[in-house]
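S.K.: Sharing a structure here in structure tokens format.
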Amino acid sequence: MISFVADTHALYWQLSEPHRLGRAARRAFNAAESGQGVCHVPAIVLIEISLLHERGRVGLGATQVAEMLASHSAYAVLPIDIQQCLEFAALIGIKDPMDRLIAAAARVTKGRLVSSDGVFDDYLDRVWE
């Protein structure tokens, strides 16, 4: 059973434009959706989607995404907890606070991160191509 964490753009693209995903990212999501794993979604991802929706950069809002996630057992939303806060504090090399929280969630779950963003490469195992 695989376990991974989804970055904001990866989750959004999986739900709205899956053709934009890298091959390995697509395989990870497909495995989760076929019951062979779980995709952890850090709560900060829903906040980031909400902000992007407010700015008109994405069509789906946080409520729509949360409803989509709730309708499928492949997805588990991760609330921010003390372990993630401590990992956040250790990730000072990642400047964007949302990216730091996403990386912290991946490190706490010991899952790989599905993301196209190379900023994470020095801190954890990333899946994309």
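S.K.: Check which residues have an amide H placed less than 5 Å from Ile80's amide H, if you skip close sequence neighbours.
M.R.: Ala43
S.K.: Pairs of alpha-carbon atoms within less than 8 angstrom and 6+ residues apart define the contacts here; what relative contact order does the chain have, in percent?
M.R.: 33
S.K.: Classify the chain as rounded, prolate or oblate, taking a ≥ b ≥ c as the square roots of the eigenvalues of its Cα gyration tensor: rounded when a/c is under 1.5, otherwise prolate if a/b is larger than b/c and oblate if not.
M.R.: Verdict is rounded for the chain.
S.K.: Decide, for the stretch 51-109, between rounded, prolate and oblate: order the square roots of the alpha carbon gyration tensor eigenvalues as a ≥ b ≥ c, take rounded if a/c falls under 1.5, and otherwise choose prolate if a/b is larger than b/c, else oblate.
M.R.: Oblate is the answer for the stretch 51-109, as a/c is 1.5 or above yet b/c matches or exceeds a/b.
S.K.: Can you compute the modelled spin-label distance between Met98 and Glu67, with each label point 7 Å from Cα toward Cβ, in nm?
M.R.: 2.2
S.K.: Also, I was wondering about something else. Please say if the stretch 85-129 is rounded, prolate or oblate, where rounded means a/c under 1.5 for a ≥ b ≥ c the square roots of the C-alpha gyration tensor eigenvalues, and otherwise the choice is prolate for a/b larger than b/c and oblate otherwise?
M.R.: Oblate shape, in that a/c is at least 1.5 and b/c is the bigger or equal ratio.
S.K.: If you don't mind, there's one more thing I want to ask. Test of understanding: ordering Asp117, Asp125 by Cβ neighbours within 10 Å, fewest first, what list do you get?
M.R.: In order of increasing Cβ crowding within 10 Å: Asp125, Asp117.
S.K.: Just how far, in whole angstrom, is the stretch 1-27 from the stretch 80-129 if you go by their alpha carbon centroids?
M.R.: 16
S.K.: Okay, moving on. For the stretch 28-76, just the Cα atoms, rotate onto the principal axes and tell me the three extents in Å, largest first.
M.R.: For the stretch 28-76, the Cα spread along each principal axis is 35, 16, 15 Å.
S.K.: Just add up the charged neighbours of His9: K/R +1, D/E -1, any other residue whose Cβ is under 14 Å from the Cβ of His9.
M.R.: Cβ neighbours under 14 Å give a net charge of -2.
S.K.: Provide Arg23, Arg112 in ascending order of the number of other Cβ atoms located within 10 Å of each residue's Cβ, fewest first.
M.R.: Sorted ascending by nearby Cβ count, the order is Arg23, Arg112.
S.K.: Can you find, among Val41, His53, Leu86, the residue sitting farthest towards the positive end of the charge dipole of the chain, where Lys and Arg contribute +1 and Asp and Glu -1 at Cβ?
M.R.: Looking along the dipole axis, the top candidate is Val41.
S.K.: Sticking with this one: At a Förster radius of 30 Å, what calculated FRET efficiency corresponds to the Cβ-Cβ distance of Gln36 and Asp121, to the nearest 0.05?
M.R.: Taking R0 as 30 Å, the efficiency between Gln36 and Asp121 is 0.70.
S.K.: If you don't mind, there's one more thing I want to ask. Which ordering of Ser115, Ser3 is given by a fewest-first count of other beta-carbon atoms within 10 Å?
M.R.: Ser3, Ser115
FYI, it's all coordinate maths here, none of it is from the lab. Just so you know, these numbers come straight off a predicted model, no measurement behind them. All Cβ positions, even for glycine, are placed from backbone atoms using ideal geometry, and neighbour counts span all protein chains on display.
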